[in-house]
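K.L.:
Sharing a structure below in structure tokens format, with a few things to ask.
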Amino acid sequence: MSFSSLVKKEIKELLTPSTILPMVATVLLFAVLGNAFGNIATEAEKKQDVAIVNCDNGLFSKIAIEEIKKFANVKGEGKNEGDVNKLLDELKDEIICLIFIPNNFSEKINTFQQAEIKVYWLVKGIGVSDIVSSAFLDNIFINIRSRISSEIIEESGLNSTILSPLTKNDITIIKEKEMEGISPQMLSNLLYSQSITIPIIMMIIVMMGGGMVISSMGLEKENKTLETLLTLPIRRSEIVLGKITGSAIVGLIMATIYMIGFSYYINSFQRSSQINLANYGLSLGGYDYILIALSVFLALTSALAICIVLGVFAKNYKSAQTLTLPLSMLALIPMFLTMFKDFETMPSLLKTLLFLIPFSHPMMAPRFLLFKNYFMVIGGLIYIAIFSAIFMTIAIKIFNTDKLITGIIRK
């Protein structure tokens, strides 16, 4: 059996209906949820349909009507209180609310009293997508208050800028980069997808690829096919490399499909932004993407090498499932740490722990590369390569002994 035949055998054994169907189902679930949440966000952003009943003929009610018409679609209008029920009945399937302005609206404001606007909300259900967001109307009311206040102040002979005597210009300084017009919260929101998606996808790659290798070895022991494989005229080192290569190919294919579905889901929560981080030097080039891809590949290789060593202790397919726990913990720790904390701001102990776990490097690489910290990325690549080589050497040595069959390591 040649090396390529061994790789094909591993791929064929791993790409079975039991692995493909859950993957497809999960991706479809991500797509459906992403589309649903995306539609909710789009619905919330567009102009909402409303009706207005204005019983007041004063200046301030006219200002209110002008502001409402700027940001909402007015489907119907009335001029007396009796029109409220009429419009609610006629337009109940078209509008989300009816805005009622009483006949003493302008008079109350002119006599320095608080005026009231009533809003009749038409809620059609209690589901997340059915509940109407009142945020759009809150923003309209802020504009109405501002314009009415400006009008009153200007009538008294003062400048309306007294209402807003100052403005704020955020300048965020991070890692010696000065970013004018961006607050820390805005920067966090812009990098949200990268901070959340990449660690989760890397965790999926590691757990999926590693789980497949350990399960495959447990199944081979259970079906007695591993003994047959070891009797073939092929070097044990090629068997190890064949298993790692086949599992790596399948793991990367499945992770790519997962990444597409999960990215679609995550991006459904993202609002479009007018800020281009490339203008501040925060962008990735072709060389950066090559380094990230290399980091992912080496991290996956190290995970598979660890799993081949762990797979030695699997007696059968069932016992193999429990052996994935150490790998899962090694993948989850850096995922949570990198999602909520930057490497530079961690205590020294956590930095050391994170650096020693090989799976953490592809999670941190995009952030390092955004700020041109190539030293940490290249240093991480060297470390993962050495780590992988050590575990592959251990795996080859184990394959050259009877420990692979017995699952017992004698002193």
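K.L.:
Go through region 365-380 and count every residue that is aliphatic (A, V, I, L, M) and either touching a Lys or Arg at 6+ places or on another chain (Cβ under 7 Å) or farther than 14 Å from Ser283 by Cα (or both).
P.N.:
Residues that pass the stated criteria total 3.
K.L.:
Another one. Kindly state which helices (runs of 4 or more DSSP H) lie completely within region 280-368 and contain at least 2 residues that are among the β-branched types (Val, Ile, Thr), crowded, with 20+ Cβ neighbours inside 10 Å and in the same structural domain as Ile239 (by TED's automatic domain parsing).
P.N.:
286-311
K.L.:
Further question on the same structure: Val377: modelled with pLDDT under 85 and either touching a strand residue (DSSP E or B) at 6+ places or on another chain (Cβ under 9 Å) or buried (at least 18 other Cβ atoms within 10 Å of the Cβ) (or both), yes or no?
P.N.:
Values: modelled with pLDDT under 85: no; either touching a strand residue (DSSP E or B) at 6+ places or on another chain (Cβ under 9 Å) or buried (at least 18 other Cβ atoms within 10 Å of the Cβ) (or both): yes.
Here the answer is no, as Val377 does not meet what is asked.
K.L.:
Can you name the number of the only condition in (1) touching a residue at least 24 places away in the same chain (Cβ under 8 Å); (2) closer than 24 Å to Ala293 by Cα; (3) aliphatic (A, V, I, L, M) that Ile398 fails?
P.N.:
Condition not satisfied by Ile398: (2).
K.L.:
Additional query: Pairs please, first residue from region 153-167 and within 20 Å of Asn110 (Cα to Cα), second anywhere and at pLDDT 70 or above, Cβ atoms under 6 Å, 6+ apart in sequence or on different chains.
P.N.:
Pairs that qualify, where the first residue is within 20 Å of Asn110 (Cα to Cα) and the partner is at pLDDT 70 or above, are Ser160/Ser150; Ser160/Ile153; Ser160/Glu154; Leu163/Ser149.
K.L.:
Quick test for you: out of Pro347, Pro366, pick the one residue that is out of contact with any Cys (no Cβ under 8 Å at 6 or more places or on another chain) and without any contact (Cβ under 8 Å) to a residue 12 or more places away in the chain.
P.N.:
Numbers: Pro366 fails: without any contact (Cβ under 8 Å) to a residue 12 or more places away in the chain.
Residue meeting the stated conditions: Pro347.
The values are calculated or read from the model by the stated rules, or taken from the named source; none is laboratory data. Note that the coordinates shown come from a computational prediction; the quantities given were computed from them, not determined experimentally. For neighbour counting, all protein chains shown are included, and Cβ atoms are generated from backbone atoms with ideal geometry for every residue, glycine included.
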